[in-house]
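Read-outs throughout are calculated quantities, based only on the coordinates presented, and are distinct from any laboratory measurement. Everything numeric here is computed off the predicted structure, so don't read it as measured data. A quick note on method: Cβ atoms are made from the backbone with ideal geometry, for glycine too, and the neighbour counts reach across all protein chains shown.
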Amino acid sequence: MARKATELGPLPVSRLIEPGFYFVGGVAGLALQVNGPSARSWVLRAMIAGKRRDMGLGGFPDVTLAGARDAARAARAKIKAGIDPIDEAKAAKSALQASRAKDVTFEQCAAAYIEAHEPSWKNAKHRQQWTATLTTYAYPRFGNLLVRDVELPHILAALEPIWTTKTETATRLRGRIESVLNWSIARGYRTGLNPARWSGHLALMLPSPGKIAKEEHFPAVQVSELGAFVQALRESKGIGARALEFAILTAARSGEVRGATWAEFDLQAKMWTIPGERMKGKVTHRVPLSDAALRIVEAQPRMAGSEFVFASATGRQLSDMTMSQLMRRMGFKDEKGEMCVPHGLRSTFRDWCSEHTNYPRDVAEMALAHKIADKVEAAYRRGELLEKRRRLMDEWAAFCATPSSREGNVIPLNASRG
């Protein structure tokens, strides 16, 4: 049984400054532990489940004598009821620490998600795009909110202002928010359904992107001017001009050409194989090379220490502005008077296929490495149509070499082919 002590008042207690353990009375087992004039704390000594335990009640004078006695009485009441107040306090502290460990904001989760997944992304620009869209549209709305508190109104506040005006950006933003929230659910930072999910949720509140998104058209060299454009390009010197000409002859994207490595080419087979990780659709793409395209590759010097076919002066991959600036200097404009860009040359190729040849649509689409929108058609298509595509690219190269195309004196190729 706890020793009873003489009940001390506030003044005598304040004078206890010599190191020691002083019972102050009023509540059995209540004592002031003194380790020095400025190191004094309250302790309740009690028997709990047959074992003597010392329970801290706070420091003196922050906790007054009256406050210590109240706390001691409350603790003894719990002991009498069969509750261990020390274990209870430890459990409460542990629960608080666990709760605080989950107190992470959406922005912190997004940064962690990007850090975790960046190694799987094909280029640094992908991280920049993720960070830019979230910083511009999501963080101002709910970046500082604890991720567990992000709900539907916050998501809509970020998406609705740009859903119909910047539909592609808004669609990507929604997907990125959904990914971050899924990651936070998996990490235990939040529970329940994801408020950024599309099917059966946001799809009921926002119009379908496919019904509101305006098709983006890149300013393209007109088919009737392509011969003149290629002729002018061949008179230009430099690696950028050769890379751009090769992009035209292969109908490839700028990034695919700039990143082309020697290991991707089988010059004997006249074939360029672009690995899936470098393709927009993540699927390996084989490109039959016309004689004109092959000559460009064969003419490129192999730079020591560089794997790139169209390497910069330092041996690195060409900048994405190299071909754009070259086209700007050449001064060719589309039918609307807008300055043509490299990506528009793929549209020029597609227009030529439709208007000047009789090749089936899927041959042209495969030459451009476009995904098949029709799932049924995609399921039944197995081959790459390489031989048809090789003939197509040969005829395309011949058309590109025809200067008279600028005056519109075009003779349709492949007129008898089905």
(request) In nm, give the distance between the simple-model label positions of Lys125 and Ala299, each being 7 Å from the Cα along the Cα-to-Cβ direction. (result) 2.6 nm
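Fewest first, what order do Phe349, Phe23 take by the number of other Cβ atoms within 10 Å?
Phe23, Phe349
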(request) Relative to the longest principal axis of the C-alpha atoms of the chain, give the angle of the C-alpha long axis of helix 106-117, reported between 0 and 90° and rounded to the nearest 10°. (result) 50 degrees
(message) Given points 7 Å out from each Cα along the Cα-Cβ axis, report the Asp70 to Asp266 separation in nanometres with one decimal.
(response) 8.6 nm
(message) For Met339, project a label point 7 Å along Cα to C-beta. Then give me every residue of segment 294-328 with its amide nitrogen under 12 Å of that point.
(response) 324-328
(request) First measure r as the distance between the Cβ atoms of Ser319 and His201, then evaluate 1/(1 + (r/R0)^6) with R0 = 45 Å and state the FRET efficiency to the nearest 0.05. (result) 0.60
(request) Which order do the peptides 177-184, 279-286, 236-243 take when ranked by the mean count of other beta-carbon atoms within 10 Å per residue, highest first? (result) 177-184, 236-243, 279-286
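P(r) tail for segment 10-101, what percent of Cα pairs lie past 24 Å?
Every Cα pair in segment 10-101 considered, those over 24 Å come to 26 percent.
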(message) Is the C-alpha gyration tensor of segment 223-407 telling us rounded, prolate or oblate? Criteria: a/c under 1.5 is rounded; beyond that, a/b larger than b/c is prolate, otherwise oblate.
(response) oblate
(request) May I ask for the angle, rounded to the nearest 10°, between helix 124-133 and the longest principal axis of the chain, with both axes built from Cα atoms and the value confined to 0 to 90°? (result) 60 degrees
(request) Take the Cβ-Cβ distance between Glu7 and Ile185 as r, set R0 to 45 Å, and report the resulting FRET efficiency rounded to the nearest 0.05. (result) 0.20
(request) Pull out a ≥ b ≥ c, the square roots of the eigenvalues of the alpha-carbon gyration tensor of segment 186-235, then state rounded if a/c is under 1.5, prolate if not and a/b is larger than b/c, and oblate in the remaining case. (result) oblate
(message) Compute the angle between helix 65-80 and the longest alpha-carbon principal axis of the chain, please, reported from 0 to 90 degrees and rounded to the nearest 10.
(response) 80 degrees
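Mean residue ellipticity at 222 nm from the helices of the chain, using -39,500 (n - 2.57) per DSSP H segment of n ≥ 4 over the full residue count, to the nearest 500 deg cm²/dmol?
Mean residue ellipticity at 222 nm (helix-derived): -13000 deg cm²/dmol.
For each pair in Lys125/Lys211; Lys237/Lys333; Lys125/Lys237; Lys237/Lys388; Lys237/Lys336; Lys166/Lys280, compute the distance between the two Cα atoms and list the pairs where it is over 24 Å.
Over 24 Å Cα-Cα: Lys125/Lys211; Lys125/Lys237; Lys237/Lys388; Lys237/Lys336.
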(request) With only alpha-carbon atoms counted, please give the Rg and Dmax of the chain, in Å. (result) 36.7, 117
(message) With the cut-off at 1.5 for a/c, could you classify segment 106-212 from its C-alpha gyration tensor as rounded, prolate or oblate?
(response) oblate
